[in-house]
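Report on the following structure.
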Amino acid sequence: MIPTATLPEVLLTLAIGLAIAPLLGRHIANVYSGRSSRWDPFVGRVERLVYALMGIDANRAMTWRQYLRAVLLTDGAAIAFVFVLLQVQSDLAWNSLGAPAMSWHLALHTATAFGTNTDFQHYVPEQQVSQFAALFGLQSLMFLSPATGLCVFAALARGFSRKDGRLGNYYVDLVRTFTRILIPLTVIGALLFVLLGVPETLAQSATAFPLGSGRETIPLGPIASWDAIEFVGTNGGGFFAANAAHPFQNPSSASNFVAILLMMAIPFATPFAFARLVRRPGEVWPLFATILTIFLIGFTIFLIFEGSNPYLPSTADQSSGYLLGTENRFTISESALFQFTSVYTNTGATSMSLGSLTPFAQVSLMFGMFLQSTPGGDGTGFGVLLINVVLAVFLGGLMVGRSPEYLGKKIGMPEVKWAAAAILSHPFAILIPAAVAVVVPGILQSAVGGFSPHGFTTVLYEFTSESANNGSGMGPINDTTVFFNVAGALIMLIGRYVTILALLAIAGSLSVRSPHRPGPGTLKTQSVTFWLFLTVFILITTALVFLPVLTLGPFSELGGGG
């Protein structure tokens, strides 16, 4: 049963996070619409200086192909730089703890993970990454990857509101994302974490002398600022291997509260920003209601099945919840809300041992990664939701004989094909490598000790997390092999850039069409009916694709499988 005594703090956290969403959404819309603000006298000068140094013509708008090319060139160059950096870090400065050079396949996986907003860690941060590589390599990607997602979101919104075939300038969007969204939120988050006891220092370690004897070296660094961009940017890669379960990263209920709000901030704000960017404020409500409905249903399921474990003897004391794998400094409700929010916002930070969760709790988390859009990561999560909207509007129009239109733009075959490609790429990126891992001799044996329902769930969870650009992992699993590093890198690239390609192609196709006035045959999307239809559409299509494979893993565990 759910420990109800701790539910009020969970409800308060959710209420505050949801109250912030419309305010931040208005700010995000102002940023991407180019509206002036009180910070322009200072921030505007900085931005113009950056444009001048980079040779950017801020008035030159791009087509969707030009926008995509700029995204790929920028991200590709950054990932390549970090890939090389991790292989030579042992020869560079700021490496007092002696982090060795990474192997090529581990460096490939790590650079790709941070460059795609996945931040999946196959390495031990305290031992295998130098301070220099962490701050100038990985943390740089922790700013760039969410910024890319938000820029694509802005371009998609312009596709619905423009008719000149232009989606804005990627480099201008990128700079404004840094200066007006990510950096301010990160600074605020870092200051809050410092006030709550999270370390922030350039010292790489501290020496402690235990009461018994000897000495102990404790890794340190600018952890508060790392935490801030980890959560604001829906990154999830931890400064320590224990991630948010480490007392330096998340020392108290107060820091846990701040982390949850930072994770919720941008993903829940983007529907409000979108409605303002397309100048249709009423459109936010069916979209936001869909996100919130699925989020709350999933969280309730997660909390019920972590509130107690039905497989334990009736004599077991579970009055405080099922606490296996949970930090004692948090209540089960606090841990559950952090973990669920982290997975459903595609942050991927962990404060619980996911391998010790009950099977239904694991399924509820995996379902969030199957969906990717309730609310999903910064920018691209809402983009996946709009892909579902395109398909739902098209299908709904066919079912009732109405014109498939959304926001006054006709939905035609190009948009449906790109939307279908993005939706189908996700299960392909998960199920094909999962099948290879099962069929090829030795892979499962070396990773999880052979085939078992729990072992298969662990591997399936890893591939799902990588395809969804989530970054959380179940474990225990030996995934530092060439197969898991190379396959994981390819999965993350497919999960990230096929979606971005589809979103920009849809935006480009719509941006050359003139809007139509709604007629008697137009499907009304500002309605309770559309909210319910969209919610059911997303849940059913996702279940049809993924429920069969879950019978080999967590559902088999329910039947007593090992």
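With the simple model of a label 7 Å out from the Cα in the direction of the Cβ, A203 to T217 spans 1.5 nm.
Given +1 on the Cβ of Lys and Arg, -1 on the Cβ of Asp and Glu, and no further charges, what dipole in debye does the chain carry about its Cα centre, rounded to the nearest 20?
Values: 27 positive and 26 negative charges, 539 e Å.
Charge dipole, the chain, about its Cα centre: 2580 debye, nearest 20.
Within the chain, the proportion of C-alpha pairs whose separation exceeds 36 Å stands at 31%.
As a rough guide to protection, the peptides 76-87, 456-467 ranked by mean Cβ packing within 10 Å, highest first, stand as 456-467, 76-87.
Stretching the chain fully between V440 and S253 yields a gain of 62.8 nm (0.36 nm per residue, less the alpha carbon separation). Here the Karplus relation 6.51 cos²θ - 1.76 cosθ + 1.60, evaluated at θ = phi - 60°, turns the backbone of the range 8-18 into coupling constants of x, 5, 5, 5, 5, 4, 4, 4, 5, x, 6 Hz, with x for every Gly and Pro. Here's how it looks for N346: its modeled amide H is under 5 Å from those of G376, which are all 5 or more places away or on a different chain.
If each DSSP helix of 4+ residues adds -39,500 (n - 2.57) and the sum is divided by the residues in the chain, what number results at 222 nm, nearest 500 deg cm²/dmol?
Values: 20 runs with 333 residues, N = 562.
Estimated from H runs of four or more residues: -20000 deg cm²/dmol.
Distances between placed amide hydrogens fall under 5 Å for Y406 paired with I411, all partners being 5 or more residues away or on another chain. The residues E216, E306, when put in order of fewest to most other Cβ atoms within 10 Å, stand as E216, E306. Put +1 on the Cβ of each Lys and Arg and -1 on the Cβ of each Asp and Glu in the range 407-558; which of F483, T458, M413 then has its Cα farthest toward the positive end of the dipole? Result: M413, furthest along the dipole toward the positive end. Placing a label point 7 Å from the Cα of K410 along the Cα-to-Cβ direction, the residues of the range 520-556 whose backbone N falls under 17 Å from that point are 520-523.
How do 468-478, 531-541, 134-144 rank on mean C-beta neighbours within 10 Å, highest first? Spell out each step's value before the answer.
Values: 468-478: 23.7, 531-541: 18.1, 134-144: 21.5.
The most tightly packed comes first, giving 468-478, 134-144, 531-541.
What the phi angles of the range 292-297 give under the Karplus curve with 6.51, -1.76 and 1.60, with θ = phi - 60°, is a coupling list of 5, 4, 5, 4, 6, 5 Hz, glycine and proline written as x.
Quick one: order W226, W418 by neighbouring beta-carbon count within 10 Å, fewest to most.
Working: W226 27, W418 22.
Ordered by Cβ neighbours within 10 Å, fewest first: W418, W226.
Label positions at L395 and L544, each projected 7 Å from the Cα along the C-beta direction, are separated by 0.5 nm. Taking other Cβ atoms within 10 Å as a rough exposure proxy, H426, H109, H516, H27 sort from fewest to most as H516, H27, H426, H109. Full extension of the chain segment joining S33 with L73 gains 12.0 nm, where the gain is 0.36 nm per residue of separation less the Cα-Cα distance. Spacing of the modelled spin labels on R45 and V88, each 7 Å from Cα toward Cβ, amounts to 3.7 nm.
A protection proxy built from the mean count of other Cβ atoms within 10 Å ranks the segments 392-399, 110-117, 164-171, most packed first, as 110-117, 164-171, 392-399. Per-residue 3J(HN,Hα) values for the range 140-155, derived from phi via the Karplus relation 6.51 cos²θ - 1.76 cosθ + 1.60 with θ = phi - 60°, read 4, 5, 5, 8, 5, 5, x, 4, 4, x, 5, 5, 5, 4, 5, 5 Hz in sequence order (x marks Gly and Pro).
Rule-based calculations on the coordinates, nothing more; no lab input. The shown structure was predicted, so the numbers you read here are calculated from the model rather than taken from an experiment. Here the Cβ is made from the backbone with ideal geometry for all residues, glycine too, and neighbour counts use every protein chain on show.
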